[in-house]
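These notes are about the structure you will find just below.
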Amino acid sequence: MEAFLWGCRPVLQEQSVGEVHVVLGNEACDLDSMVSALALAFFLSRTSAQPSAVPLLNVARGELPLRGDSVALLRRLHLPEAALIFRDEVDLHALHRAGRLSLTLVDHHVLPSSDAALEEVVTEVLDHRPLEKQWAAPCRVKAEPVGSCTTLVAERILQEAPHILDPQLAALLHGTIVLDCVDLSPAAGKVTPRDARCVEELESRFPELAPHSRIFQVLQEAKFDVSGLTTEQMLRKDLKVISGEGGTLALSAIYLTLEVGPRTGRAGGGDGSWGVGPSGSPSPQPSPQPSHPQLPSPDPQAFLQRADLALELAAFCQGRGYDGLVAMTISFDASGRPTRHIVVFCPHAELRAAVCETLEQAQSPALGLSPVPSPHPDLSAFTQANATASRKAVLPLLRARLAPPEDDPPLPPTPMNSLVDECPLARGLPGLSAEAVFEKCNQITLARSAAK
């Protein structure tokens, strides 16, 4: 994998290379999106389906340190961050204009308006969300409801090219699925039988993989470690943006810290508890760990209690041109059960009311919202009883509110002798007043007089 990553940048820079096939993750660039892009591009390049496949992380390089779980996994598997390629380092639109670009979208299937021109070179979509956009042939689309998009990538590798798997790639896939599916805990509502089968097959092929409970503990701690982050950094850590005629909204996933005492298994690695060595050999295994380590439960309203929260949210929205912000906080108790809150910040009262109404009245899925006291009039906060409904479920609800489907365009005028069903005459002659008939007769008389 490392040699493949180092070889990707010359592919982008070498003019003699014809088409460049970019595997593009989503704009949040969470661990699932990152690993899906890396692994799928590696698969494509090794199976000759796309020998020039390049994984592109869809954020600026400076955003990576905010993704503690990604940093933790990369370091433990000895994959150098310098070998990765980020969105601010590649001009996709220039490649498109030069006729050299084709795209696979992974872990998303709707491009932002700024990338709308790139839609015509999308050849494949691989996602685990319900489709909000239909892609025409010859674009291949696979959107299937699994807990982790990495599961879809791992299944493809296991089915079509298991020979490319090594301990490092297996650990990359395995760790991501375990974290994304909350240690395969049914209580979290994310894991599906396919995710579990994929983890089992990777573990059977590579018995040296660390117990998934230990992997989950370390990555979860790294993901939820927001100690020392400003409010702006917490909001940028896992951010998506949607826009439409109704405005532009930011959607941030806020991970509350899981512990208050001394930390173990920090994102920086170095404790040697699990991972693979630089050569791909397994690291020493840890002693058995409890299925769910006893971590202190966080205060679910800790985000609301941050000093000057409303001022910081206002500055964040104003500086980035957002009309409002929806922050979804999540934390887990010692048994792996999630707790969620939703915070809606918007200085525009009408938009804030519309967003809150959409969330409170949602039925697919129902969120089960209950208001909680708010520290500021521009901010509304709710507990979310349906803790299995993640941002993936909320995002299409808000997108539909911001950009409601257009009314059917009016039919063109129908010829007066048309026999088409539902033509204007199908419902009888239009109503006519006596004045209208008299006026029409006068016009006909005048026209005939002028002709003589």
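The values are calculated or read from the model by the stated rules, or taken from the named source; none is laboratory data. Since the model is a prediction, treat every value here as computed from it, not as a measurement. Neighbour counts are summed over all protein chains in view; Cβ atoms, including those assigned to glycine, are modelled from backbone coordinates with ideal geometry. We work out accessible area using only protein heavy atoms, side chains counted, and drop any ligands, DNA or RNA first. Shrake-Rupley method; radii C 1.70, N 1.55, O 1.52, S 1.80 Å.
If a residue has to be closer than 22 Å to ALA250 by Cβ and open to solvent by 30 Å² or more (accessible area, probe 1.4 Å) to count, how many in region 58-115 make the cut? Break it down into steps so the answer makes sense when it comes.
As a first pass, look at region 58-115 and keep what is closer than 22 Å to ALA250 by Cβ: 58-70, 86-88, 105, 107-115.
Now drop any that are not open to solvent by 30 Å² or more (accessible area, probe 1.4 Å), which leaves 60-63, 65, 87-88, 110, 112-114.
Residues in region 58-115 being closer than 22 Å to ALA250 by Cβ and open to solvent by 30 Å² or more (accessible area, probe 1.4 Å): 11 in total.
Answer yes or no as to whether GLU155 is open to solvent by 40 Å² or more (accessible area, probe 1.4 Å) and either closer than 23 Å to ASP127 by Cβ or out of contact with any His (no Cβ under 7 Å at 6 or more places or on another chain) (or both).
On the way: open to solvent by 40 Å² or more (accessible area, probe 1.4 Å): no; either closer than 23 Å to ASP127 by Cβ or out of contact with any His (no Cβ under 7 Å at 6 or more places or on another chain) (or both): yes.
Taking the combined requirement at face value, the residue does not satisfy it.
Quick check: is even one residue across region 413-422 at pLDDT 60 or above and of a type outside the set (A, V, I, L, M)? Spell out the reasoning first.
Kept after step one, since they are at pLDDT 60 or above, are these residues of region 413-422: none.
Looking for residues that are at pLDDT 60 or above and of a type outside the set (A, V, I, L, M), one finds none in region 413-422, hence no.
Since GLY336 meets every condition but one in (1) buried (at least 18 other Cβ atoms within 10 Å of the Cβ); (2) over 22 Å from the mean Cα position of the chain (by Cα); (3) more than 21 Å from LYS223 (Cα to Cα), which condition does it not meet?
Here GLY336 clears every test but (3).
Can you pull out the residues in region 377-412 that are assigned to a loop (DSSP other than H, G, I, E, B), at pLDDT below 90 and more than 30 Å from THR192 (Cα to Cα)?
ALA403, PRO404, PRO405, GLU406, ASP407, ASP408, PRO409, PRO410, LEU411, PRO412
Hey, can you tell me all the residues within region 340-355 that are open to solvent by 50 Å² or more (accessible area, probe 1.4 Å) and either of a type in the set (Gly, Ala, Ser) or free of Cβ contacts under 8 Å to residues at least 40 places away in the same chain (or both)? Before you say what the answer is, go through the steps one by one.
First, the residues of region 340-355 that are open to solvent by 50 Å² or more (accessible area, probe 1.4 Å): 347-350, 353.
Listed by number, the residues that qualify are PRO347, ALA349, GLU350, ALA353.
Of THR383, THR388, THR329, THR358, which residue is of a type in the set (Val, Ile, Thr), surrounded by fewer than 20 Cβ atoms within 10 Å (Cβ to Cβ) and within 23 Å of THR231 (Cβ to Cβ)? Break it down into steps so the answer makes sense when it comes.
On the way: THR388 fails: within 23 Å of THR231 (Cβ to Cβ); THR329 fails: surrounded by fewer than 20 Cβ atoms within 10 Å (Cβ to Cβ); THR358 fails: within 23 Å of THR231 (Cβ to Cβ).
Only one candidate qualifies: THR383.
Which of the residues belonging to region 7-56 are farther than 30 Å from MET234 by Cβ and acidic (Asp, Glu)?
GLU14, GLU19
For region 116-152, which residues satisfy the criterion of being open to solvent by 50 Å² or more (accessible area, probe 1.4 Å) and among the charged types (D, E, K, R)?
Passing the criteria: GLU119, GLU120, GLU132, LYS133, ARG140, LYS142, GLU144.
Given (1) on the phi < 0 side of the Ramachandran plot; (2) open to solvent by 20 Å² or more (accessible area, probe 1.4 Å); (3) modelled with pLDDT of 90 or more, where does GLY368 come up short, assuming only one miss?
(1)
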